[in-house]
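Colleague: Here it is, the structure, as C-alpha cells.
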Amino acid sequence: MNALSEKIVEEAFALQQSLLSPSIASILLLSPSNPCSSQRAVTTALCGNFLVFSLKFGVWLATSSHVMLAEAVHSIADFANQALLAYGLISSRRAPDALHPDKIGCIMAIPRKDLLVFDICCRYICLGSGATIVHGIQNLWSQEQPENMKYAALVIGGSLIIEGASLFIAIQAVKKGAAAEGMKVRDYIWRGHDPTSVAVMTEDGAAVAGLIIAGASLLAVNTTRNPIYDAVGSIIVGNLLGLVAIFLIQRNRHSLIGRAMDDNEMEKILRLLKNDPVVDSLYDCKSEVIGPGFYRFKAEIGDFSYDILFFSVFS
C-alpha cells in the first residue's frame, strides 16, 4: 500500500519487542500525502469565489436577474464552505493539546468537530438551494425583463475564467491525492481520505455548470424576450446547488462517525506485522481514519516468539 509508512510500523513494534508478555499495540500511522496541493486548491477557490460573488451580486443589483441572484447565492455558499475547509486545514497544523493529543511530527489530525462544522455548512448549502428554487418558482410568471444584459454577459465570461482556473487546480490536487493513496481518481472521489480537494473540485465543477446555465438562460431571454427562462435558470441552478450539498454530505458523513481503513490497506498492515518473526499471532485488530493521511491502528498481540525475542533483546 502506498499510503502506509512501513518505517512507523517497524519502529512501533520495536518497542513491543522489549516486552516479555502479550500486550496490545496501539499506534498512530501516517500515510504519505501532499497537503500543499489541497491547501493550494482551497486557497485558490476561496479567493476566486469571493471575487466571483462580488461580481455576481453587483450584476444582480444592476439587472434584477433571478438567475444571477441564484448564482450569487451559489458563490457565497461555496465561499462559506471553503472558508471552513481552510480553517480545518489550518487547525490540523496547530500544536497538540489535552483535548487533541494525537500528533505525528508537527502535524495533528484534523479534529472531528471541524468535519461536523463542514457537514453543517453543507446543510447550509441545502437551505440556499431551497431559497433559490422557491424564488425562481415565485417569479415564473413575472413579466419583468432583466436589464443591462451586457454586464451580466461580461461577469459570466469573467467568472468562467476564474472558476475554470480554480477547477483545474482542484482536479490536479485530486489526481495527486489519488496517486498518493494508490487509487483510481473515481474511487478516490468517493473513498479517499482527504475530503478537501474533492469538495473544492465538486463545488468548482458545479460553479462552472451553473455559469453555463445562467448564460444560456439569459441568452434565451434576450433572444425570445420571454423572462420565464430567467426564472427557469434560477430553479435549475438551485437544484444543482442541492445536488452538490447532497453529494458532500454523503461523501463526508462517514468521517463524522469514525470510518475504518479500507480492507486492502488493513490486510497489508497485518501482513507487515505477521511477517515480523517476533509476532506469532494477532487478535482484535481495529482501525480508524482520524484525518486525511492519519490512521489509528490497534491490535492485540496474543503470542510472542520468545526465543527470537530473547535473542533480539540480549544480543
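The values are calculated or read from the model by the stated rules, or taken from the named source; none is laboratory data. In this text, all values refer to a predicted model and were calculated from it rather than measured experimentally. Here the Cβ is made from the backbone with ideal geometry for all residues, glycine too, and neighbour counts use every protein chain on show.
Colleague: If we scan the range 48-61, do we find a residue that is farther than 30 Å from LEU240 by Cα and either modelled with pLDDT of 75 or more or crowded, with 20+ Cβ neighbours inside 10 Å (or both)? Quick ask: steps written out before the conclusion?
Modeller: Pass one, the range 48-61, residues farther than 30 Å from LEU240 by Cα: none.
No, the conditions are met nowhere in the range 48-61.
Colleague: Could you give every pair whose Cβ atoms fall below 6 Å, whose first residue belongs to the range 268-280 and is without any contact (Cβ under 8 Å) to a residue 60 or more places away in the chain and not assigned by TED's automatic domain parsing to the domain that holds ALA299, and whose second residue is loosely packed, with under 15 Cβ neighbours inside 10 Å and part of a helix (DSSP H, G or I), counting only separations of at least 6 or pairs across chains?
Modeller: Once the first residue is without any contact (Cβ under 8 Å) to a residue 60 or more places away in the chain and not assigned by TED's automatic domain parsing to the domain that holds ALA299 and sits in the range 268-280, no partner that is loosely packed, with under 15 Cβ neighbours inside 10 Å and part of a helix (DSSP H, G or I) comes close enough.
Colleague: Same structure again: May I ask you to say which residue of GLU147, GLU163, GLU181 is among the acidic types (Asp, Glu), in the same structural domain as VAL59 (by TED's automatic domain parsing) and modelled with pLDDT of 85 or more? Before you say what the answer is, go through the steps one by one.
Modeller: On the way: GLU147 fails: modelled with pLDDT of 85 or more; GLU181 fails: modelled with pLDDT of 85 or more.
Checking each option against the conditions leaves just GLU163.
Colleague: Right, another one. Could you list, ordered by first residue, the pairs with Cβ atoms under 6 Å in which the first is in the range 170-184 and within 8 Å of ALA41 (Cβ to Cβ) and the second is among the charged types (D, E, K, R) and buried (at least 20 other Cβ atoms within 10 Å of the Cβ), at least 6 apart or interchain?
Modeller: Matching pairs, first to second residue: ALA170/ASP204.
Colleague: Still on this model: Would it be correct to say that GLY205 is in a helix (DSSP H, G or I), closer than 19 Å to GLU163 by Cα and over 16 Å from the mean Cα position of the chain (by Cα)? It would help to see each step written out before you state the result.
Modeller: On the way: in a helix (DSSP H, G or I): yes; closer than 19 Å to GLU163 by Cα: yes; over 16 Å from the mean Cα position of the chain (by Cα): no.
Criteria not met by GLY205.
Colleague: Tell me the residue from GLY233, GLY205, GLY242, GLY210 that is small (Gly, Ala, Ser) and free of Cβ contacts under 8 Å to residues at least 40 places away in the same chain, please.
Modeller: Values: GLY233 fails: free of Cβ contacts under 8 Å to residues at least 40 places away in the same chain; GLY242 fails: free of Cβ contacts under 8 Å to residues at least 40 places away in the same chain; GLY210 fails: free of Cβ contacts under 8 Å to residues at least 40 places away in the same chain.
Residue meeting the stated conditions: GLY205.
Colleague: Against the conditions (1) aliphatic (A, V, I, L, M); (2) in a helix (DSSP H, G or I); (3) not assigned by TED's automatic domain parsing to the domain that holds GLY177, where does LEU240 fall short? Just the number, please.
Modeller: (3)
Colleague: Could you give me the residue pairs with C-beta distances under 6 Å whose first residue belongs to the range 128-142 and is closer than 14 Å to SER65 by Cβ and aromatic (Phe, Trp, Tyr), whose second residue is surrounded by 20 or more Cβ atoms within 10 Å (Cβ to Cβ) and modelled with pLDDT of 85 or more wherever it lies, and which are 6+ apart or on separate chains?
Modeller: Close Cβ pairs (under 6 Å, with a partner that is surrounded by 20 or more Cβ atoms within 10 Å (Cβ to Cβ) and modelled with pLDDT of 85 or more) do not exist here.
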